[in-house]
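Below is one structure, written out as structure tokens; the observations come after it.
The values are calculated or read from the model by the stated rules, or taken from the named source; none is laboratory data. Not measured: the values here are computed from a predicted model. Every residue, glycine as well, gets a Cβ built from its backbone with ideal geometry; the counts of neighbours run over all protein chains shown.
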Amino acid sequence: AGLWTVFTLGRVGNKPSPQLEHCSPLANQSLLLLLVLANLTDAPDTPNPYRQAIMSFKNTQDSTAFSSSNPHAFQINFNSLYTALCEQQKSDQATLLLYMLLHQNTNVRTYVLARTDIENLV
């Protein structure tokens, strides 16, 4: 639940108002922490588990079977994530998260490219 709050920036289903941007410092700080953890360098013998989680999460609405072979695998609603990222593109942190997701997670990239309303993101 905490990771979901970070990904959606604490605003699932709500229209952000100018006051909300300053009222959710926890979501902002959580997103910054996630970005720092995901960008830590890998150790020679163990890869970064946060980066692995970012690279491999899947859509909850995907019909393919969810494999639990990856210990860092989880599912998230891509529609809610996309909506939250579109609403928060004025934030540097959200833009950096979007950039990282598009470059490192093929599931997110495929979902975003399949959207017909990509102009909301751009």
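Residues in region 12-25 that are outside any loop (DSSP other than H, G, I, E, B) and within 14 Å of A94 (Cα to Cα) were compared, and the one that is modelled with the lowest pLDDT is E21. For Y99, the criteria (1) out of contact with any Phe, Trp or Tyr (no Cβ under 8 Å at 6 or more places or on another chain); (2) of a type in the set (S, T, Y); (3) within 16 Å of T60 (Cα to Cα) hold in every case but one, which is (3). Taking the criterion of being in contact with a strand residue (DSSP E or B) (Cβ under 6 Å, 6 or more places away or on another chain) and crowded, with 16+ Cβ neighbours inside 10 Å, the residues of region 25-66 that qualify are F57, K58.
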